Structure formats: structure tokens, C-alpha cells
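Below is one structure, written out as C-alpha cells; the observations come after it.
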Amino acid sequence: MAEEPGLSDQYPTASPWPLFVALGLALSEIGVFVGLFPVAVFGLILFGGSIAGILTESGYVERPWPTLLGVGVVLIVIAAAFALWQVPVTDIALSNVGTGPLFTRLVAVAAAGAVMIAMGGVASVMEQTAA
Amino acid sequence: MVAGDIVLTGLMAVLLVGVAALLTRVENWRSYTPLAGGGAVTGDETAVINREKPAGIIRWLTTVDHKDIGLLYGVYAVIAFAVGGIMAMLIRLQLVTPAGAILGNNAYNSILTSHGITMLFLFGTPIIAAFANYFIPLLIGADDMAFPRINAIAFWILPPAALLIWAGFFLAPVTENMIEPARTAWTMYTPLSVEQQNPGVDLMLLGLHLSGIGATMGAINFIATIFTERDGEVNWANLDIFSWTILTQSALILFAFPLLGSAIVMLLLDRNLSTTFFAVEGGGPLLWQHLFWFFGHPEVYILVLPPMGLVSLILPKFSGRKLFGFKFVVYSTLAIGVLSFGVWAHHMFSTGMDPRLRASFMAVSLAIAIPSAVKTFNWITTMWNGRLRLTTPMLFCIGFVSNFIIGGVTGVFLASIPVDMILHDTYYVVGHFHYIVMGAIGFAAFAGIYYWFPVFTGRMYQRTLGKAHFWFSMVGTNITFFAMLALGYLGMPRRYATYQFDGAIAPLTQVATFHQLATVGALILFIGQLFFVWNIVQSWLEGPKVEDGDPWNLEDDGMLDREFQWFEEQLEADSPEKDPSLLADGGQEEQDDS
Ligand code: HEM
Ligand SMILES: [Cu+2]
């Protein structure tokens, strides 16, 4: 990959990320509240990814991948906390996905978190080894 | 179900891949730190930096410039106003005959609900944000908003919010009415809003929730901007009146909208996960009304304070005099901001609450009329003995004052418990708040659009069309909403799709007559808006270019504000011989595409 500057390096008054932060937030809310598993997972990934992107772009962090990993961890912690608090322990089983309305939603949130951790982790490692 | 999930998964995957592909095209995320991955730090970066914005549609999708975002907000709000206005016309056409002319009950209720939510959350709040985004940084001498990217996020949340709020209308035909538009009215009272099974209600609630997040982000941004980004010469003593009202409004948003957001989440949980926040065995249905109106009353001031600021800014310009009692206009703004959180129960007088509490809410509600009256007298005294120039923006300002007086006085009556007992839930209420939302807020928005039209388009609007727009709006508004006040006195209840009731409730012939009058007024109003759209679109495209940085001749009176001085500088910089790198707002030069 040639090191051409990205859009927002080129133009001080443009950034591609806000649009996707907003879209990710909207899809996550729809997915989680209406209970559409795939929309929730993809919406959260888009949301987390765009947060990582926008923070990197504006210089708050240096690389996007640790942020992505961090957002993933936060989501899993939230999902786990809700599960422990509101779902009877005996119901926490993969076979129950799709039955309990709350449990299914929490699994969607956790799944999105897991994907982000994987993406952030793999990309970090790849970058380290490449450099 | 499973098939549906697979389709959705596919759809989402395609979307995500598309987003990623698009992002890699416009944004190279390996480029931020030239040290990682090879470090080609040299050469090619220097070639590209000197242009400000990408070209074409990408410019608008990626902009974080406050002026562009202001324009996006403006276009969005005007489209929402058209949608909400067409819904209003359907409502009025329905009510020409007692049996209802065009809609069934369900359709009527859907449209009524969407009309209210659209006008308040998709037109009212965004049109104010449009002016604030474009002009606050110019007025206070800032380069941009404090957080330009958050500014863009706040705007881009709105289009999905609108789609969700209207989702029922699009989805009903394709889902065989499984998902229908919400019929909760904009107040979403429980238990009705919990019991309606329709998933369209969930979508509408999510849309509202999102729009609230956007409004809150915007408010934080305005507070930070006004506090920290002012030019050295702008201090608290000479901060302009519009910025003061936006600052107060932002504070109100900061306290009110998160509360609405939480209440909506509780409602969603009640609907989908069988919690009992608003159930009889839980918090009780009245809890919703308290939470909603604790947001809802400040919301009406969130909507009216900045328009008051606009009028306070524009009206003196065409009166040839400084705003009378500037300090008191600022103080009354702050007073309204504080008091507005102490009056919410005046929307609930007839719910059987404790009479002592009720009396105290009545007292505060009457008190809030005082700062509002202070402003009104200040506007009138500003014009008194002034050298009035009846330009279109000035006409709309005067219309604002006139309509605001009627809207405000009817409000004072409603704040009195015995009067409210009789008029609650009648058309009197509808007439009252429309004098404010249409007659005042709408008029101030028009005043602002005409006043600053030269600044944001570089062209002049057509004066005759502007005046036609004003007179049709003024006459239409007063016929429509005065008829509604009369309907209320006659006892016509609000939120009914038909009015063939028992003659003991209301004298039916008169009721029908006033309904027809209201519809005639609405038609006049509607025609006026056609002039407006025609004028704006045509003048924007081919109106005469403004050559002079002071199109209103304000310099003579020493009232040329910073935004027009900025405009003057733009005009000078734009003249072709000058340095092209000063082209701040023009986008990319045409010839080099891609
Ligand atoms: C364009 C001219 C307008 C006309 C002719 C119009 C007409 C109406 C009518 C007939 C109703 C139904 C009353 C009922 O049956 O309860 C209504 C409700 C309402 N309107 Fe308008 N309106 C207009 C503009 C606006 C504007 C500019 C706003 C806000 C900024 C607004 C906000 C509302 C609200 C909040 C409701 C109550 C909805 C509800 O109770 O669910 N309207 N309007
Ligand atoms: Cu109120």
C-alpha cells in the first residue's frame, strides 16, 4: 500500500467518519431494541469501528485497533453484567439463544464485542509483525 | 423467521463490506502515522494539502465545516416542514365535513401523530440548529465549532431518525400492516402507548431517541463553542442576543433531552421486555406524564427561545435603533430558562393531582408570563419612534410579535386552573400552541432565512414573492388558528377524526363552520409556502449576485454585525484576481475532478 494521505489528511474540513458513527448508532439501537440479531451485531461493529476511526483521525489515539479491541471488551462486560443481574444462571446456555428476549439481545451484544476483539487483536498483531 | 434472519445477515454483511470498501477508497487508515509500515514520509504529501474540500456529493457527506453543516440542517428542516405541512393539509381537508372527508380513523390518528412529531423534532429543532451552526461561529468570531466532528455526527443522526419516525408509513404496505405508523399522539401517553402492539411504535420511539441524542450532542457543542471559542473582542458584555438565546437553549436541552431519552428507553423496555415502569403495579401510568412533561414544557422553550433571539437580533436592524433594554432581554431569557423547569404540571391539571401542588404550578406558570411580556414590550419599544423599513424579514418579525402576543395571552388563560378545566383537550389548546409554533417560531425562521439569504447564497431573494409569502402566511395563520380558538370555546375536543357527536357536547353547525374556516385559512397558508419554495429555489439558482457586503445598509446605523463583516471579506476574497487559496467556501475548483 502506498502511503497516500487519507481524505481527512488532505482536507482539513472533511471527515468520512461522522456519517458512519451516526449510521452505526442507529443500526445498533434498532438491532438491540427491536431484537434483530444480525442488525444488532453489524450495527455495533460499525459503531465501534467508526469510533476507533474517528478517534484515530482526530489524533486522540495513535492506532485504531486497540480502541476497537477496547470497545469490544466494554460491550462484553456490559452484556455479561446484565446477564448475571437479570437472567437466571440456569438459562445462560447457547441453546437458549432465540428464546429469552433479553438473553438473545445480550448474546448479540456480546457477539459484536467478540468480533471487535478479534478484529482489533488480529490487526494489532499483523501491524506489529509487519513493522 | 430463520429465513428472515439469513436475509438480514446477508444484507448487513453487504452493507458492512460496502462501508469498509468506501472508507478504504476515501480514507487510508495506514497513513496516520508515517512511521508504521514502511514510512514513505517523503514527497507526495505536499502536493495535495492546499484545497479545502473534496468535490461533489462526497463534500456534503464528509464535511465538518460549520457552514456546510448549517446548510444541511436547513435543507433537512425545510424538507421536514414540507412533509409535516402536507400532513397538516390532510388533517384540515379531513375535517371540512363532520363525517370526515378523506381519511379513516386509523389513518387520521397516524397522520396527526406524525405531523406533531415531525414539526417539533424534525423541523423545529433542526431549523434552529441550522441558523446556530452557520451563524454562531461567525457572530462570535470563532473559526468553527468547538468539536466539528461531533457537530457532523449530530446532524447525521437525524436522517435515520426521520426514517424511523416515518417508518410505519413505508412499511405498512410491504408488511401487510404488520408494522403500521404509530398512533400514540406526540405525547405518547401510557397505557395506550404500551398496549399498542404495533412495532411501528418501537421504530418511532427509537427515531425520537436518536434525534434526542443528536440534539444533546449539538447542545454540548454550542455551550463549549460559546464559552471557549469567542474572539478576543467578544466578551459576555457584548455577546450578541442570538448567542445568548442559543446558550440558554442548549442548557435546557442538556437537562431536558436526556430525560426524554431515558423515559423513552423505559417505555421501550415496558413494551418489549415486560418491565413495569409505567404499569399500574409498577410506577403507574401517571409517571409517564410527569417524565414526559418535565421534558415537554422545557421543550417548548427550547423551540421558542432561539426564535426570540432571532427577532431580537433582526428587528432592531430595520427599526434603525438598538434593541431596547438589551440587558433585560438577556435576563428574561435566563429567567425563562430557569422557570421553564417548574411549570410542567400545568399540562396535567385535570389528572386529579393534589390541589395544593396544582396551585403552586399555576403560580409559577403565571409568573413565567412576566419575562415573556418583558421581551414583548422591549420589541415594541424598539420599534417605537423608530425608522421602520418594512422589508420581508422585518414583516416576519412584526408578524412574530403579533402572533406571539395572541399565543402568549391564550397561554396565560390556560395556566389558570379553572379556565383550563374547561378548555383542556379542546381546540383552544391547539389554537394556542399553533399561534406559537407556526405564528411565532415559523415566522422567526422565515425572518432569519430572508435576512441572511445574501450571506449563505451570495444572492438576493425576490422581494415581491417574499412579501406575498408574508401576507399569505400572516392571514392564513390568523384565520386557521383563530378559528381553532373559537372551536375550543364551542367545546370541540381535540384529536378527533370526525365530529358527528351529540349536539349537547357542542353546537354542531357552528363547529362545522369554524372547521371549514380553519381549512380555508390552512389553504391560504399553504399557497403562501408555495411562494416561499419558489422564491428560495429560483433565487438561489439565478437571483442577482450580491456585490455589497452590507445589503441591508446597516453600516449607516452602526449596526453591521460580525457575520456581515465576514461576508464582506468573503466577497473581496472571492473576486477572481485575488489569491485562490482564500477561496474558503467554494469547494474544489471545477476542472480537476477526482
Ligand atoms: C403549516 C400550518 C399548520 C397547520 C394547518 C397545522 C394544523 C394542525 C392540526 C389540524 C392539528 C390537529 C389538532 C387535533 O386534532 O388535535 C395539529 C396538531 C399539532 N401540530 Fe400543527 N399545523 C401547522 C403547523 C405546525 C407547526 C409549524 C408545528 C410545530 C413546530 C406544529 C405542531 C403541532 C403539534 C405538536 C400538534 C399536536 C399533535 C398531537 O397532539 O399529537 N404544527 N396541527
Ligand atoms: Cu407547558
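The values are calculated or read from the model by the stated rules, or taken from the named source; none is laboratory data. The model shown is predicted, which means the values in this text are computed figures rather than measured ones. Note that we place each Cβ from the backbone using ideal geometry, even for glycine, and neighbour counts take in every protein chain shown. Surface accessibility is based on the protein's heavy atoms, side chains included, excluding ligands, DNA and RNA. Shrake-Rupley method; radii C 1.70, N 1.55, O 1.52, S 1.80 Å.
Give the average, rounded to an integer, of partner chain Cβ atoms located within 10 angstrom of each Cβ in B:152-162. Working shown, then result.
On the way: counts 9, 10, 2, 3, 9, 7, 2, 4, 7, 3, 0.
Shielding by partners across B:152-162 averages 5.
What helices in chain B pass both tests, a Cα length along the helix axis of 27 Å or more and a mean Kyte hydropathy of -0.5 or higher, using whole DSSP H runs?
On the way: long enough: B:2-26 (36 Å, 2.04); B:66-94 (41 Å, 1.27); B:199-228 (44 Å, 1.31); B:241-272 (45 Å, 1.46); B:285-317 (50 Å, 0.98); B:392-415 (34 Å, 1.76); B:463-490 (40 Å, 0.82); B:508-542 (51 Å, 1.14).
Qualifying helices: B:2-26, B:66-94, B:199-228, B:241-272, B:285-317, B:392-415, B:463-490, B:508-542.
Please list B:Met438, A:Met116 from largest to smallest accessible area, probe radius 1.4 Å, with all protein chains kept in place.
I get B:Met438, A:Met116, largest accessible area first.
Could I have the simple spin-label model distance between B:Lys467 and A:Thr104, label points 7 Å from Cα toward Cβ, reported in nm to one decimal?
For the pair B:Lys467/A:Thr104, the computed spacing is 6.5 nm.
If you roll a 1.4 Å probe over segment A:7-128 with all protein chains in place, what percent of the accessible area is carbon or sulfur? It would help to have the intermediate numbers written out before the result.
Values: 3960 of 5200 Å².
The value for segment A:7-128 is 76 percent carbon and sulfur by accessible area.
Based on DSSP H runs of at least 4 residues, each adding -39500 (n - 2.57), what is the mean residue ellipticity at 222 nm of chain B after dividing by all its residues, to the nearest 500 deg cm²/dmol? Please report the intermediate quantities before stating the final value.
Values: 22 runs with 387 residues, N = 594.
Taken over chain B, the calculation gives -22000 deg cm²/dmol.
Given the protein chains as shown and a 1.4 Å probe, how many square angstrom of A:Val97 are accessible, to the nearest 10?
About 50 Å², ignoring ligands and nucleic acids.
Report the calculated FRET efficiency for B:Leu259 and B:Ala224 (r = Cβ-Cβ distance, R0 = 22 Å), to the nearest 0.05.
Details: r = 21 Å, r/R0 = 0.96.
The formula returns an efficiency of 0.55 here.
Accessible surface of A:Val71 in the full protein assembly, 1.4 angstrom probe, to the nearest 10 Å²?
Ignoring ligands and nucleic acids, A:Val71 comes out at about 30 Å².
Before I look further, what does chain B give for accessible area per residue, probe 1.4 Å, in whole square angstrom? Intermediate results must be reported in sequence, preceding the final value.
Working: 24650 Å² over 594 residues.
About 42 Å² of surface per residue is accessible.
What is the sum of charges around B:Leu171, taking Lys and Arg as +1, Asp and Glu as -1, for the other residues whose C-beta is under 15 Å from the C-beta of B:Leu171?
Numbers: positive: B:Arg183; negative: B:Glu176, B:Glu180, B:Asp202.
The answer is -2.
Would you mind checking B:Lys322/B:Lys375; B:Lys317/B:Lys467; B:Lys67/B:Lys322 for any pair whose Cα atoms are more than 23 angstrom apart? Intermediate results must be reported in sequence, preceding the final value.
Details: B:Lys322/B:Lys375 14 Å; B:Lys317/B:Lys467 18 Å; B:Lys67/B:Lys322 27 Å.
Beyond 23 Å: B:Lys67/B:Lys322.
I need the semi-axes of the equivalent ellipsoid of segment B:357-453: take the C-alpha gyration tensor, multiply each eigenvalue by 5, square-root it, list largest first in whole angstrom. List each step's numbers first, then the result.
On the way: eigenvalues 176, 49, 18 Å².
Working from the Cα gyration tensor, I get semi-axes of 30, 16, 10 Å.
Using all Cα-Cα distances in chain B, what percent lands in each 20 angstrom bin from 0 up to the longest?
All Cα pairs, binned at 20 Å, distribute as 18, 52, 26, 3, 0 percent.
Give me the net charge for the shell around B:Asp556: Cβ to Cβ below 13 angstrom, other residues only, Lys and Arg +1, Asp and Glu -1.
Combined, the nearby Lys, Arg, Asp and Glu give 0.
Using a basic spin-label model with each label point 7 Å from the Cα along Cα→Cβ, how many nm lie between B:Ala99 and B:Glu233?
So the label points at B:Ala99 and B:Glu233 sit 7.0 nm apart.
Could you check how much of the accessible area of segment B:337-475 is carbon and sulfur, as a whole percent, using a 1.4 Å probe?
Working: 3850 of 5160 Å².
Roughly 75 percent of what the probe reaches on segment B:337-475 is carbon or sulfur.
For chain A, state what percent of all Cα-Cα pairs lands in each successive 5 Å bin, counting from 0 Å until the bin that includes the largest distance.
Taking every Cα pair in chain A, the percentages come to 2, 11, 17, 20, 17, 13, 9, 6, 3, 2, 1, 0.
Jot down the per residue volume, in cubic angstrom and as a whole number, of the convex hull over the alpha-carbon atoms of segment B:263-329. Write out the running numbers ahead of the final one.
Numbers: hull volume 6.4 nm³, N = 67.
Cα convex hull per residue, to the nearest whole number: 96 Å³.
Over its Cα atoms, what ratio of radius of gyration to 2.2 N^0.38 Å does segment B:192-346 give?
Numbers: Rg = 19.2 Å, N = 155, 2.2 N^0.38 = 15.0 Å.
Working it through for segment B:192-346, the quotient is 1.28.
What's the total accessible area buried between chains A and B, using a 1.4 Å probe, rounded to the nearest 100 Å²? Kindly include the intermediate steps, with their values, before the conclusion.
Details: alone 8310 and 27030 Å², together 30520 Å².
Adding both sides of the contact gives about 4800 Å².
Once you place label points 7 Å from the Cα toward the Cβ at B:Trp384 and B:Ile79, how far apart are they in nm?
4.7
Students sometimes get this wrong: rank A:Arg63, B:Arg463 by accessible area, probe 1.4 Å, all chains present, largest first.
Numbers: A:Arg63 45, B:Arg463 140 Å².
Sorted descending by solvent-accessible area, the residues read B:Arg463, A:Arg63.
Excluding B:Leu310 itself, calculate the net charge of residues whose Cβ lies under 14 Å from the Cβ of B:Leu310, where each Lys or Arg counts +1 and each Asp or Glu counts -1. Write out the running numbers ahead of the final one.
Working: positive: B:Lys317, B:Lys375; negative: B:Asp240, B:Asp561, B:Glu563.
Taking every other residue near B:Leu310 into account, the sum is -1.
With only Lys, Arg, Asp and Glu charged, each at its Cβ (+1 for the first two, -1 for the last two), find how big the charge dipole of the protein assembly as shown is about the Cα centre; round to the nearest 20 debye. Please report the intermediate quantities before stating the final value.
Details: 30 positive and 52 negative charges, 519 e Å.
About 2500 debye.
Answer with one residue from B:Pro285, B:Ala486, B:Leu525: the one whose Cα lies farthest towards the positive end of the charge dipole of the protein assembly as shown, charges on Cβ with Lys, Arg +1 and Asp, Glu -1.
Selected residue: B:Ala486.
Can you list the residues, at least 5 places off or on another chain, whose amide H is less than 5 Å from the amide H of B:Thr426, using H built in the peptide plane?
It is B:Arg494, by chain and number.
Taking amide H atoms as placed 1.01 Å from N in the peptide plane, list the residues 5 or more away in sequence, or in a different chain, whose amide H sits under 5 Å from that of B:Arg459.
Distant-sequence amide H within range of B:Arg459: B:Val546.
If one takes the longest principal axis of the Cα atoms in chain A, at what angle in degrees, from 0 to 90 and to the nearest 10, does the Cα axis of helix A:17-34 lie?
10
Please report the Cα spread of the protein assembly as shown along all three principal axes, rounded to whole Å, starting with the longest.
On the principal axes, the protein assembly as shown reaches 81, 74, 45 Å in Cα extent.
Considering only protein heavy atoms, with the full assembly of protein chains and a 1.4 angstrom probe, order B:Lys327, B:Lys467 by accessible area, largest first. Don't jump to the answer; show the numbers that get you there.
Numbers: B:Lys327 130, B:Lys467 80 Å².
In descending accessible area the options line up as B:Lys327, B:Lys467.
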